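Below you'll find the structure, written out as structure tokens, and then a few comments.
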Amino acid sequence: MSLTLYNTMTRSKQLFQPIDPARVTLYVCGPTAYNRVHIGNARPAVIFDTLYRLLNTLYPKVVYARNITDIDDKIMATAAELGEEISSVSQRYAEAYFDDMAALNNLAPTVVPYATDHIPEMIDMVSRLVAKGHAYAVDNGVEGEQGHVLFAVQSMRDYGSLSRRSLDDMLAGARVEVAAYKKYAGDFVLWKPSADHEPGWDSPWGRGRPGWHLECSAMIEKHLGDSIDIHGGGQDLIFPHHENEIAQSCCAHDGKPFANVWMHNGFINIEGEKMSKSLGNFRMVNDLLQQYPGEVLRYVILSAHYRSEQNFSKDLLDSAWRSLDTLYGFLRSQTAVVAAPCDVSDSEAYRALLDDLNTPVAVSELHKLARQMHGASGAEQALAKGRLLAVAHLMGLLQQDPEAWFKGARGGDTISAEEIEELIAKRNQAKADRDFQTADAVRNQLKELGVTLEDSREGTQWRRD
RNA sequence: GGCGCGGUAGCAAAGUGGUAAUGCUGUGGACUGCAACUCCGCCAUCGUCGGUUCGAUUCCGACCCGCGCCUCCA
């Protein structure tokens with residue numbers, strides 16, 4: 001069994017070969033904690049969580065790090081707006097992020113490093129970059145400029161290799177003004193000075209704070225090593241974020257490779273439009289969770305290949321919910337069957353995942369396996385159930401009790417489970433009396449309250465629509 | 001301007017040089033007191049035009065359409 005992954009760096013799929021099979025390393029860029037996260041943040045979390053699960057079946061130890069950026073100008077702005085401490089803002093939103101991600105059945109990463117816990121490491125890295133001639137400090141005495149440390153992009157030969165852009169091309173189309181203190185327009189900030197009212201840490205270049213890209217380089221170096229196996233994130237991070245991470249880390253390590261495989265997930269659009277602040281169409285995970293189980297969001301994300309763009313819409317979410325209903329329906333009808341232990345690697349779904357995380361095929365296999373289970377009996381059925389659950393577990397799906405799935409709140413519930421049971425009892429009595437008019441009246445009454453009844457030889461089951 | 005991505009059934013979404021998985025929806029039937037669930041069946045020739053080939057949705061070229069990035073951004 002071998003894993004193939006698409007590498008943004010080479011623009012091709014390639015066999016995954018860990019640097020050290022005894023310790024595979026995966027790093028994914030996490031959120032900046034200044035707001036509730038939107039569904040776009042959820043995609044990489046779900047995708048790479050699935051990859052993490054997959055890697056765990058292949059290697060004895062996988063170190064998965066996903067950071068929290070807790071110092072950033074956006075957080076500072078939010079804190080100022082709310083009149084709150086920066087740390088309290090970032091802590092609150094980091095917690096909210098963890099809650100949201102857990103609701104999507106994401107496992108906790110092995111390491112969750114915080115930027116502010118790594119200031120000395122960052123300063124150290126900047127010092128090394130300066131010493132090696134890859135960075136320079138602005139020392140012109142000008143207020144607001146003095147104390148910046150910039151990465152000298154021209155000091156690195158392969159700068160731009162990930163995004164495949166030449167410096168000149170980028171600068172030609174640049175839409176931003178170039179700060180006068182930069183030696184070269186493409187140079188980016190490693191460290192910036194903080195005003196008295198801004199958060200800051202003492203450094204060789206005065207009181208200041210880290211630039212955006214620095215934390216990832218420093219934290220990866222500390223927790224994962226100089227060279228890691230896989231680095232992931234959203235496509236928008238390819239440039240400049242990841243390009244700059246590469247620059248920092250490679251130059252700090254005298255040219256040693258930084259990440260062997262670069263993986264980037266596509267964007268999520270909303271009802272056909274790009275999700276953006278100006279369009280006001282951000283979909284916060286938390287808001288969606290008020291209307292849909294987290295598993296539905298996860299199912300939707302896994303229904304598309306991670307590299308393609310994905311369009312979120314109400315129809316898509318509703319249909320995913322119905323698909324899960326079908327799957328849980330099969331499981332509910334086989335509750336009595338004890339799942340037999342099963343080796344996931346012996347499945348089409350597993351092979352699909354090994355092929356650059358082809359989750360759409362893996363999801364489709366879930367449906368095939370469920371039907372297979374449904375049509376089987378005896379030991380074969382037990383095995384089929386075991387396989388279905390094992391494969392689903394790899395994807396973080398179908399792990400809850402089917403009964404709970406159907407009876408759980410689905411938003412706007414107006415009738416309690418007890419009341420439903422009472423009405424069912426009443427209807428069953430009517431049925432026994434051959435009073436079908438009353439029986440149907442009860443059914444319709446429940447239907448209007450969003451409850452569907454399912455009669456079978458074993459009795460009546462119910463579900464919320 | 002530079003770099004890059006995509007166009008497959010009503011919707012979503014895989015895939016392959018030899019006539020297209022899967023889910024949702026719709027629809028015909030079975031089951032049911034009626035339903036629901038489930039089961040059986042039906043519903044696409046893969047943006048357009050050329051080329052290569054015995055054969056292309058799959059390779060090549062052109063074109064049309066949609067989209068992303070170019071230092072806030074998953």
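Residue count for the stretch A:204-231 satisfying the condition of being in contact with a Leu (Cβ under 7 Å, 6 or more places away or on another chain), outside any helix (DSSP H, G or I) and closer than 20 Å to A:Asp158 by Cα: 2. A residue that is modelled with pLDDT of 90 or more, in contact with a helix residue (DSSP H, G or I) (Cβ under 6 Å, 6 or more places away or on another chain), over 28 Å from A:Ala77 (Cβ atoms) and part of a loop (DSSP other than H, G, I, E, B) cannot be found anywhere in the stretch A:175-195.
The rows are residues; the columns are (1) among the β-branched types (Val, Ile, Thr); (2) more than 11 Å from RNA strand B (Cβ to nearest atom); (3) surrounded by 14 or more Cβ atoms within 10 Å (Cβ to Cβ).
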| residue | (1), (2), (3) |
| --- | --- |
| A:Met373 | no, no, yes |
| A:Gln400 | no, yes, yes |
| A:Ala409 | no, yes, no |
| A:Ala432 | no, no, no |
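Just to check your reading of the model, which residue among A:Ala304, A:Ala259 is assigned by TED's automatic domain parsing to the domain that holds A:Ile47, at negative phi and touching a strand residue (DSSP E or B) at 6+ places or on another chain (Cβ under 6 Å)? It is A:Ala259. A:Trp462 versus (1) in a helix (DSSP H, G or I); (2) within 11 Å of RNA strand B (Cβ to nearest atom): which is the lone unmet condition? The single condition A:Trp462 does not satisfy is (1).
The values are calculated or read from the model by the stated rules, or taken from the named source; none is laboratory data. Predicted, not measured: the structure shown is a model, and the values here were computed from it. For neighbour counting, all protein chains shown are included, and Cβ atoms are generated from backbone atoms with ideal geometry for every residue, glycine included.
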